[in-house]
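Report on one structure; see the data block that follows.
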Amino acid sequence: MPRLNMVQAINLGIDQQMAKDDGVIVLGEDVGLDGGVFRVTDGLLEKYGSDRVLDTPLAESGIIGAAVGMAIAGLRPVCEMQFSCFSYLMIPQLEGHAARLRSRTHGQVTVPLVVRMPYGGGVRAMEHHSESREATYAHLPGTKVVIPSGPRNARSLIAAAIRDPDPVVFMEPKHSYRAFKEEVPDEEEVAEIGRAEVVREGTDLTVVGFGAMMRPILKATAEVDEARGVSIEVIDLLTIAPMDGETVCESVRRTGRCVVVQEAPRSFGVASEVIAVINDKVLMYLEAPVRRVTGYDVVTPYFGREKDYIPTAGWVRRAIEETLDF
Amino acid sequence: MPMETIASFEVARLNILDENGDTDIDLVPDLKPDRLVAMYRWMLLAREADQRMLKMQRQGRMGTFAPSTGQEAVSVAAAMAMGEKDWFTGAFRELGGRLVRGEPLVNVFLYYNGYEEGNLRPQGSADRLLPVNIIVGSQCVQAAGLGYAAGFRGEDAAVLTVFGDGATSEGDFHEGMNLAAVWNAPVVFLCQNNQWAISIRREKQTRSQTLAQKGIAYGMPCVQVDGNDALAVYRAVDEALARARSGDGPTFIEAVTYRLMMHTTADDPTRYRTEEEAKEWWDREPLVRFRRFLEKQGLWDKAKQDEMDQEIKAEVAAAVEEFEARDSFKADAPFDHVFGTDHAVIQDQRREFLARLEEVDNAQA
């Protein structure tokens, strides 16, 4: 099996779907000749031609609006927003149209499109290039939000997103783009959107996370297991919306303790939603309050300060230990 | 009834200074020798700072930035045409113009090295210089509002907004142009057409024959200028600002120039354009022709050039030194300015943040 980084794995996933279905169209700024500023779409123009890989003018609303039209007409557009912070310009097209045409027409008009966007900090990028705003999109009914954490699940999730019948916002943790490689089988794998994954089994506490936070989480849990002779379970959400509360609750019911981790600002975030689901379903099984490890409710600092504002393994470890000791 | 022409339009191009330093003398703006030398100096300073930043970026001493080498004439000449009360809101490739408007070089270094402190205007400064706009085209709409407010307050002030060719594809550009025209707002829209929006060449950005003509659709005067000709840029912007201040509304200026370097230091232009193309534009770059012009005017010679080169190198080096000597930044500053009002949720999080930092420090001590 080839060892790929996340950029190569997403590229492979798109490539495989384009090979299978000639209705799959890639469009965005610099996705063709340049292969995308992170090279996620590298080589696709040469392979599939300029009718299927469209270098667009600078127009985020235009890209998604056009993709809505393409999707209605039977194509499967895979759009790139160059950085997530530039994606807000397309919200009227996503929220006002893509996400609700199915409901408005009782399923007669559907919009199977994918909006890919790199998000998150830790790469010393210029301002507006480091935000985590997944909650913004997760809050839009009719929109699915998917966030991979590694090369292998990125490849299987992008395949699922492209084949999904609904609009999918596919947020790529840019900090993980080239941070590590994994074996990714040549054969197509298609994940199930809406399913979290238990990536590490344990009995004493459940850590829930997603995206770039999975690496510090796994480091922290290994350390605590080692240091204290406990066993901690780790859940990777993979799909933010609609969230797989069942997997989370099944785990917390067994462990009785939970820590939720997100890079994004604390209030109104994914962690809040995980805690609300736990509260709804398994509150009486809890041995300790659920802890959140999150960013702060401040405007994302420029990169000179960002390291103090992004959760680390040490930060997660402390929250785990305090929750174990409660 | 036969079909008849009901409207027709023309787009003019202004070029005063050619590549040899020769001018159309009737069009040379009325600038005193010291102003002409100052114009040249600002361009040289911007070039030196840009190239120094590029070296520092490659050495890991500077973050990602968008070089402006080759485009100095546009923003320097435009900024020099501005009045004290005029607003400047640009994109991220107007280093020279920002320096003219009073931005200390050390602030530029701070900003591109990841500190908000780089946006702080010097104390007591009255210049109306707004921070860099990374979101492409977004400043165009704000310019309409700044202009409206100036008119509303009866101020003798205009707005200069600068953006690139790529921005003309964004909705905000079109909305800003339309709003300014409808409100007859005192705004000068200055497009730096540097031919490339990252990898997208101008011809793939728009099918319009000129960018200048986009002003026609919104009912405002428009002109194309040679953007590597500082005299032409100055004249066009000066006239447009005068028109704006006298209540005759906005103007759209397309300044044709070329992005000699990469989009940002994270970009690799060899993937999408030839080096020959860039080489051709090096022959047309703005500094050499301005020097030739000054020499032909009897204002310049090698001794003066050597002296100014030394002076500018020293100025940039001093700013680098000041920037690199700065080693303490308030860690919790982001909590200071979330809102203009005090809130428990922010203060609680600040306390938690500081306690955690202290714990980390203690653990390391």
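The values are calculated or read from the model by the stated rules, or taken from the named source; none is laboratory data. Treat the numbers as computed from the prediction; the structure is a model and nothing was measured. Because the Cβ atoms are built from the backbone with ideal geometry, glycine has one as well, and the counts that use them run over all protein chains shown. Surface areas here come from the heavy atoms of the whole protein model, side chains and all, with no ligands, DNA or RNA. Shrake-Rupley method; radii C 1.70, N 1.55, O 1.52, S 1.80 Å.
Kindly establish whether A:Arg317 is open to solvent by 10 Å² or more (accessible area, probe 1.4 Å) and in a strand (DSSP E or B). When the stated conditions are applied, A:Arg317 does not pass them.
Being among the small types (Gly, Ala, Ser) and open to solvent by 20 Å² or more (accessible area, probe 1.4 Å) is a condition met by no residue of the stretch A:81-93. Here B:Asp332 meets each of (1) more than 14 Å from chain A (Cβ to nearest Cβ); (2) open to solvent by less than 30 Å² (accessible area, probe 1.4 Å); (3) more than 18 Å from B:Asn228 (Cβ to Cβ) with one exception, condition (1).
When we screen B:Arg245, B:Arg259, B:Arg207 for residues that are buried (at least 24 other Cβ atoms within 10 Å of the Cβ) and farther than 21 Å from B:Leu27 by Cα, the only hit is B:Arg259. Scanning the stretch A:300-314 for residues that are farther than 18 Å from B:Ala355 by Cβ and surrounded by fewer than 21 Cβ atoms within 10 Å (Cβ to Cβ), we see that the one that is farthest from the other protein chains (Cβ to nearest Cβ) is A:Ala313. Taken together, the residues in the stretch B:86-130 that are over 21 Å from B:Val338 (Cα atoms), more than 14 Å from chain A (Cβ to nearest Cβ) and in contact with a strand residue (DSSP E or B) (Cβ under 8 Å, 6 or more places away or on another chain) amount to 14. Among the residues of the stretch B:71-85, the ones that are touching a strand residue (DSSP E or B) at 6+ places or on another chain (Cβ under 9 Å) and not in a helix (DSSP H, G or I) come to 4 in all.
Taking helices (runs of 4 or more DSSP H) that do not extend beyond the stretch B:230-324, which have at least 2 residues that are among the basic types (Lys, Arg) and more than 14 Å from chain A (Cβ to nearest Cβ)? So that I can check it myself, show each step before the final result.
Values: elements: B:230-245, B:275-282, B:286-296.
Because the criterion is at least 2 residues that are among the basic types (Lys, Arg) and more than 14 Å from chain A (Cβ to nearest Cβ), the helices (runs of 4 or more DSSP H) in the stretch B:230-324 that meet it are B:230-245, B:286-296.
Of all the residues in the stretch B:131-148, those that are within 12 Å of chain A (Cβ to nearest Cβ) and open to solvent by less than 30 Å² (accessible area, probe 1.4 Å) number 5. If we scan the stretch B:330-337, do we find a residue that is under 16 Å from B:Leu110 (Cα atoms), modelled with pLDDT of 95 or more and assigned to a loop (DSSP other than H, G, I, E, B)? Yes, the stretch B:330-337 contains at least one residue that is under 16 Å from B:Leu110 (Cα atoms), modelled with pLDDT of 95 or more and assigned to a loop (DSSP other than H, G, I, E, B). If the condition is being of a type in the set (Val, Ile, Thr), within 25 Å of A:Ala271 (Cβ to Cβ) and surrounded by 24 or more Cβ atoms within 10 Å (Cβ to Cβ), then the stretch A:97-142 contributes only A:Val115.
Residue by residue, here is whether (1) in contact with a helix residue (DSSP H, G or I) (Cβ under 6 Å, 6 or more places away or on another chain); (2) modelled with pLDDT of 95 or more; (3) assigned by TED's automatic domain parsing to the domain that holds B:Arg284; (4) open to solvent by less than 50 Å² (accessible area, probe 1.4 Å) holds:
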{"position": "B:Glu4", "(1), (2), (3), (4)": "no, yes, no, no"}
{"position": "B:Met43", "(1), (2), (3), (4)": "yes, yes, yes, yes"}
{"position": "B:Gln51", "(1), (2), (3), (4)": "no, yes, yes, no"}
{"position": "B:Met62", "(1), (2), (3), (4)": "yes, yes, yes, yes"}
{"position": "B:Ala66", "(1), (2), (3), (4)": "no, yes, yes, yes"}
{"position": "B:Gly70", "(1), (2), (3), (4)": "no, yes, yes, yes"}
{"position": "B:Lys85", "(1), (2), (3), (4)": "no, no, yes, no"}
{"position": "B:Arg93", "(1), (2), (3), (4)": "no, yes, yes, yes"}
{"position": "B:Asn113", "(1), (2), (3), (4)": "no, yes, yes, yes"}
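With respect to A:Val261, determine if the residue is touching a strand residue (DSSP E or B) at 6+ places or on another chain (Cβ under 6 Å) and either open to solvent by 80 Å² or more (accessible area, probe 1.4 Å) or at pLDDT 95 or above (or both). The answer is yes for A:Val261. Considered as a group, the residues in the stretch A:290-314 that are among the β-branched types (Val, Ile, Thr) and part of a loop (DSSP other than H, G, I, E, B) include one that is nearest to B:Val345 (Cα to Cα), and that residue is A:Val298. In the stretch B:275-288, the residues that are among the aliphatic types (A, V, I, L, M) reach residues that are surrounded by 13 or more Cβ atoms within 10 Å (Cβ to Cβ) and not in a helix (DSSP H, G or I) with C-beta atoms within less than 7 angstrom, at least six apart or across chains, in these pairs: B:Ala278/B:Leu260.
Determine whether A:Val199 is in contact with a Phe, Trp or Tyr (Cβ under 8 Å, 6 or more places away or on another chain), part of a strand (DSSP E or B) and surrounded by 17 or more Cβ atoms within 10 Å (Cβ to Cβ). No, not satisfied.
One residue stands out in the stretch A:144-166 among those that are open to solvent by 10 Å² or more (accessible area, probe 1.4 Å) and in a loop (DSSP other than H, G, I, E, B): the one that is nearest to A:Asp297 (Cα to Cα), namely A:Ser149.
Sort through A:Gly36, A:Gly65, A:Gly96, A:Gly121 and tell me the only one that's within 14 Å of chain B (Cβ to nearest Cβ) and part of a helix (DSSP H, G or I). Only one candidate passes the filter, namely A:Gly65. Taken together, the criteria exclude B:Leu45 from residues that are in contact (Cβ under 8 Å) with a residue 24 or more places away in the chain, in a loop (DSSP other than H, G, I, E, B) and closer than 20 Å to B:Ser75 by Cβ.
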